[in-house]
Amino acid sequence: MLTRRDWLVTLATVPPITALARPALAQAWPSRPVRIVVPFAAGGGTDVLARILANGLSDRLGAIVVVENRTGAGGNLALENVIRAPADGYSLLMGTNGAMAVNRHLYHNLGFDPLKDLAPVSLAFRIEHLLAVSNALPARFVAELVAAAKARPGVLTFGSAGTGSMIHLAGELFRLKTGIEITHVPYRGGGPAMNDLVAGTINMMFDSLPSAEPQVKAGRVQALALCGTRRHPLLPALPTMEEAGLPGYAAASTGGLFAPQGTPAAVVERVAAAVRELVDSTAFREGMGRSGGDAVAAGPAELAAMMIRESEQWGTVVRAARISA
């Protein structure tokens with residue numbers, strides 16, 4: 001017959017139920033659909049790329065991966081939704097660098113911090129930006145554009161997809177790096193801004209490479225430089241900003257997967273490994289490329305460091321340009 005002391009000794013050697021549940025959860029995952037919450041409307045660039053990723057992950061993980069669009073507050077509603085979700089691996093965020101690294105500087109009293117309350121999983125894609133000018137503007141090189149802006153401070157205009165958007169911040173970074181004064185004209189989306197650039201209503205615009213490339217190739221606008229650190233196969237003759245005489249300038253949009261803090265490490269690593277496998281796939285890279293994204297993987301530690309760097313860079317721009325949302 002077991003004494004009370006025997007029971008206590010036995011119980012002390014049995015792991016807590018929660019300790020047993022965590023490995024079991026990781027091993028059984030995924031046993032039901034996984035959702036990727038996208039902070040933007042269906043049909044937009046980030047949404048399209050997220051759906052390509054979701055389809056690929058469905059095959060790799062052996063479970064349905066669905067995209068759920070939650071718009072509003074510059075992406076903050078989607079961030080909060082995932083932050084408050086159970087940390088069980090069934091809720092992931094498609095976090096852009098704008099939502100993850102910039103919003104924390106644009107919006108006050110968020111009630112959460114994306115870089116602290118979300119766990120990085122894997123980078124998935126990168127979208128390059130370029131600088132384009134109206135054909136009506138007699139500038140075909142970055143140096144000529146800078147000279148024209150310095151000759152007429154505050155007269156030249158640049159359009160964007162809205163205050164605080166990445167293409168707005170790309171323009172503000174350019175202004176700060178060159179010391180010129182140009183006037184920001186916000187639009188409700190990049191499409192209307194590009195239409196006005198084609199019409200000559202605005203003088204210049206920083207736009208995503210996939211969006212601007214058809215207008216550039218058709219000769220409706222003039223591309224002056226790529227905002228990345230190396231040339232891109234879509235426009236191989238287009239120089240980078242450094243090649244155009246502006247070293248230290250870099251601006252791009254990125255998309256990566258994030259999970260609620262506390263999500264089992266085994267689940268995070270499994271998703272990250274699945275993304276790495278997809279990026280190694282020619283079919284996946286080509287699918288991303290046709291939709292405007294460059295497939296690229298980076299694990300949790302690398303993605304975390306990247307978001308910290310992005311936050312520091314764009315936080316400096318937001319403060320210097322006195323931008324708020």
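List of remarks:
- Principal-axis analysis of the Cα atoms of the chain puts helix 190-199 at an angle of about 10° to the longest axis.
- GNM result for the chain, Cα springs below 10 Å: residue of HIS108, HIS184, HIS168 fluctuating most strongly: HIS108
- Computed from Cα atoms, the angle from the helix 17-28 axis to the main principal axis of the chain rounds to 60 degrees.
- For region 63-122 and region 241-295, distance of Cα centres in Å: 16
- Charges were assigned to the Cβ only: +1 to each Lys and Arg, -1 to each Asp and Glu. The resulting dipole of region 32-98 about its Cα centre is roughly 80 debye.
- Cα gyration tensor category, rounded, prolate or oblate, for region 196-325 with a/c compared to 1.5: oblate
- Its Cα gyration tensor gives the chain an equivalent ellipsoid; the semi-axes, largest first and in whole Å, are 44, 20, 16.
- Within-12-Å neighbourhood charge of ILE127 [Cβ basis; K, R +1; D, E -1]: -3
- The Cβ shell under 10 Å around ALA161 holds other residues with a net charge of 0, Lys and Arg each +1, Asp and Glu each -1.
- Note on the chain: GNM, Cα springs under 10 Å; of LEU79, LEU118, LEU61, the largest mean-square fluctuation is that of LEU61.
- Contour minus Cα-Cα distance for ALA42 and LYS217 (0.36 nm per residue): 60.3 nm
- Within straight-line cross-link reach of LYS150, lysines at Cα separation under 21 Å, skipping those fewer than 8 residues along the same chain: LYS177
- For region 246-325, trypsin sites (Lys or Arg not before Pro) are listed when DSSP marks them as loop and at most 12 other Cβ atoms sit within 10 Å of their Cβ; the list is ARG322.
- Residue-count net charge about MET194 - beta-carbon cut-off 12 Å; Lys, Arg +1, Asp, Glu -1: -2
Read-outs: derived from the displayed coordinates by stated rules, not from any lab. Keep in mind that this is a model prediction, so the values were computed, not measured. With ideal geometry, Cβ positions are generated from the backbone for all residues, glycine too; neighbour counts draw on all protein chains shown.
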